[in-house]
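Peer 1: Once you've had a glance at the structure underneath, I'll fire off some questions.
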């Protein structure tokens with residue numbers, strides 16, 4: 001039976017440093033929640049507090065209906081998978097998986113049945129007699145998962161479990177862990193600094209910075225509707241472009257000033273978006289404009305877009321079926337991600353060439369220039 005996790009106003013201080021600052025999060029029963037953020041943002045501290053490996057300075061942690069503050073780790077009915085697997089090198093795969101059951105003094109028959117069941121689930125039955133040194137990184141990861149799962153915990157905690165694997169094995173194990181979690185239905189909190197890992201695995205993502213949660217939402221929500229410039233810049237590859245600009249109304253069109261360059265847009269849709277976000281009496285406002293690289297159209301001829309800019313191409317990077325272009329507008333540089341098979345990219349681009357880029361109004365993100373907070377909703 002899956003259980004929920006509820007964390008309220010969790011704070012953890014190390015001297016004058018706040019590793020967590022009023023951290024609050026609710027994880028639904030059976031949910032795969034990912035804590036995402038850069039190194040030092042407080043992800044591991046949060047999970048260690050949930051596990052009982054660190055005591056919070058303040059705040060509460062509930063697993064199901066039970067307040068677990070003060071309970072030792074063994075009484076919280078959780079299992080944790082670490083970055084370094086933490087397998088016992090002198091034990092076989094069977095004994096590594098069986099170890100927590102032996103500590104509970106379960107019968108040999110029960111232990112054997114449970115180990116065989118987990119080994120079959122993880123497809124490692126053929127490895128049962130091997131020692132960890134005889135296993136690949138992916139196989140060791142499966143054994144570590146098996147040792148955690150065999151306890152049938154209420155909550156599964158994973159701290160960067162794939163960081164020691166190569167890129168191909170990471171991609172494979174992402175899929176396998178997600179499939180496994182859906183099959184067993186255990187509430188899971190997963191730590192990573194890899195946004196691709198988070199986007200591909202999570203039911204919801206909690207994005208953290210400096211001990212604070214910046215946004216909680218589904219992968220699609222945090223990508224399409226980032227709450228601030230930090231989230232917008234952290235999610236997406238290449239990251240979102242940001243342009244500091246001033247926007248003013250001039251009769252039926254908008255004038256956008258970027259690095260001294262004036263760009264006029266006669267798009268009614270873009271004008272209406274802007275009017276919804278900013279009071280009509282504001283004739284000139286400072287705006288941080290966010291544009292995702294893959295939402296930009298590029299060409300050398302006239303583009304039919306809500307916002308069109310003339311730029312200078314400064315770099316071209318081929319990535320197989322995609323191409324990353326870097327363009328400059330004044331002192332600002334932007335990345336453009338485009339398919340190498342798109343009609344607009346059949347032409348040959350060269351560094352130093354003047355090009356046009358276009359963006360549809362619904363792909364533009366407006367942020368407060370001072371706070372970085374997203375300006376309203378355009379839908």
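The values are calculated or read from the model by the stated rules, or taken from the named source; none is laboratory data. These figures come from a predicted structure and were not determined experimentally. Glycine also receives a Cβ, built like all others from the backbone with ideal geometry; neighbour counts cover every protein chain displayed.
Peer 1: Name the residues in segment 11-24 that are surrounded by fewer than 20 Cβ atoms within 10 Å (Cβ to Cβ) and either in contact with a helix residue (DSSP H, G or I) (Cβ under 8 Å, 6 or more places away or on another chain) or in contact (Cβ under 8 Å) with a residue 24 or more places away in the chain (or both), would you?
Peer 2: Of the residues in segment 11-24, the ones surrounded by fewer than 20 Cβ atoms within 10 Å (Cβ to Cβ) are 11, 13-18, 21-22, 24.
Answer for segment 11-24, where residues must be surrounded by fewer than 20 Cβ atoms within 10 Å (Cβ to Cβ) and either in contact with a helix residue (DSSP H, G or I) (Cβ under 8 Å, 6 or more places away or on another chain) or in contact (Cβ under 8 Å) with a residue 24 or more places away in the chain (or both): 11, 13, 18, 21, 22, 24.
Peer 1: For segment 325-344, name all the residues that are over 25 Å from residue 253 (Cα atoms) and modelled with pLDDT under 90.
Peer 2: Passing the criteria: 338, 339, 340, 341, 342, 343, 344.
Peer 1: A further question on this structure: Can you spot a residue in segment 345-360 that is in contact with a helix residue (DSSP H, G or I) (Cβ under 9 Å, 6 or more places away or on another chain), closer than 18 Å to residue 240 by Cα, surrounded by 12 or more Cβ atoms within 10 Å (Cβ to Cβ) and modelled with pLDDT of 90 or more?
Peer 2: To start, the set of residues in segment 345-360 that are in contact with a helix residue (DSSP H, G or I) (Cβ under 9 Å, 6 or more places away or on another chain) comprises 359-360.
Imposing the further condition that a residue be closer than 18 Å to residue 240 by Cα reduces the set to 359-360.
Subset that is surrounded by 12 or more Cβ atoms within 10 Å (Cβ to Cβ): 359-360.
From what's left, modelled with pLDDT of 90 or more: 359-360.
Yes - at least one qualifying residue is present in segment 345-360.
Peer 1: Taking the condition within 30 Å of residue 278 (Cα to Cα), over 22 Å from the mean Cα position of the chain (by Cα) and at pLDDT below 90, does residue 378 pass?
Peer 2: Yes.
Peer 1: I'm checking my understanding of the structure. Among residues of segment 140-190 that are without any contact (Cβ under 8 Å) to a residue 40 or more places away in the chain and crowded, with 18+ Cβ neighbours inside 10 Å, which one is farthest from the chain's Cα centre (by Cα)?
Peer 2: So the residue we want is 142.
Peer 1: Scan segment 76-99 residue by residue and report those that are in contact with a strand residue (DSSP E or B) (Cβ under 8 Å, 6 or more places away or on another chain) and either more than 23 Å from residue 28 (Cα to Cα) or part of a loop (DSSP other than H, G, I, E, B) (or both).
Peer 2: 76, 77, 82, 83
Peer 1: From 1, 33, grab the single residue that is more than 30 Å from residue 129 (Cβ to Cβ) and modelled with pLDDT under 90.
Peer 2: Just one listed residue meets the conditions, 1.
Peer 1: Can you tell me which residue within segment 42-75, out of those that are assigned to a loop (DSSP other than H, G, I, E, B) and touching a residue at least 60 places away in the same chain (Cβ under 8 Å), is surrounded by the most Cβ atoms within 10 Å (Cβ to Cβ)? It would help to see each step written out before you state the result.
Peer 2: The initial filter retains those residues of segment 42-75 that are assigned to a loop (DSSP other than H, G, I, E, B), namely 42, 52-57, 64-65, 68-72.
Add one more test, that the residue is touching a residue at least 60 places away in the same chain (Cβ under 8 Å), and what stays is 42, 64.
On the way: 42: 23, 64: 17.
For segment 42-75, the residue satisfying everything is 42.
Peer 1: Could you tell me how many of the residues in segment 274-311 are at pLDDT below 85, farther than 24 Å from residue 375 by Cβ and surrounded by 13 or more Cβ atoms within 10 Å (Cβ to Cβ)?
Peer 2: 3
Peer 1: Identify the residue in segment 312-331 that is within 21 Å of residue 366 (Cα to Cα) and touching a residue at least 24 places away in the same chain (Cβ under 8 Å) and, among all such residues, is surrounded by the most Cβ atoms within 10 Å (Cβ to Cβ). Working first, answer last.
Peer 2: So the first thing to find is which residues in segment 312-331 are within 21 Å of residue 366 (Cα to Cα), and the list is 327-331.
Now narrow it down to the ones that are touching a residue at least 24 places away in the same chain (Cβ under 8 Å): 327, 329-331.
Details: 327: 25, 329: 18, 330: 15, 331: 10.
Per the stated criteria, the residue is 327.
Peer 1: Turning to a different aspect of this structure: Picking from 247, 222, which residue would you name as being free of Cβ contacts under 8 Å to residues at least 60 places away in the same chain, assigned by TED's automatic domain parsing to the domain that holds residue 296 and either farther than 24 Å from residue 337 by Cα or within 11 Å of the chain's Cα centre (by Cα) (or both)? Explain how you work it out, then say what you get.
Peer 2: Values: 222 fails: assigned by TED's automatic domain parsing to the domain that holds residue 296.
The match here is 247.
Peer 1: Give segment 126-139 a look and list any residue that's more than 21 Å from residue 158 (Cα to Cα) and surrounded by 15 or more Cβ atoms within 10 Å (Cβ to Cβ), or say none. Spell out the reasoning first.
Peer 2: Initially, segment 126-139 is screened for residues more than 21 Å from residue 158 (Cα to Cα), giving 126-131, 133-134.
Of everything in segment 126-139, those that are more than 21 Å from residue 158 (Cα to Cα) and surrounded by 15 or more Cβ atoms within 10 Å (Cβ to Cβ) turn out to be 127, 128, 130, 131.
Peer 1: Quickly run through segment 100-139 and pick out the residues that are outside any loop (DSSP other than H, G, I, E, B), closer than 17 Å to residue 161 by Cα and either out of contact with any helix residue (DSSP H, G or I) (no Cβ under 8 Å at 6 or more places or on another chain) or modelled with pLDDT under 90 (or both). Talk me through it step by step, then tell me what you get.
Peer 2: First, pick out the residues of segment 100-139 that are outside any loop (DSSP other than H, G, I, E, B): 100-103, 108-121, 125-127, 132-134, 137-139.
Filter once more, keeping what is closer than 17 Å to residue 161 by Cα: 132, 137-139.
If the condition is that a residue be outside any loop (DSSP other than H, G, I, E, B), closer than 17 Å to residue 161 by Cα and either out of contact with any helix residue (DSSP H, G or I) (no Cβ under 8 Å at 6 or more places or on another chain) or modelled with pLDDT under 90 (or both), then 137, 138, 139 are the ones that fit.
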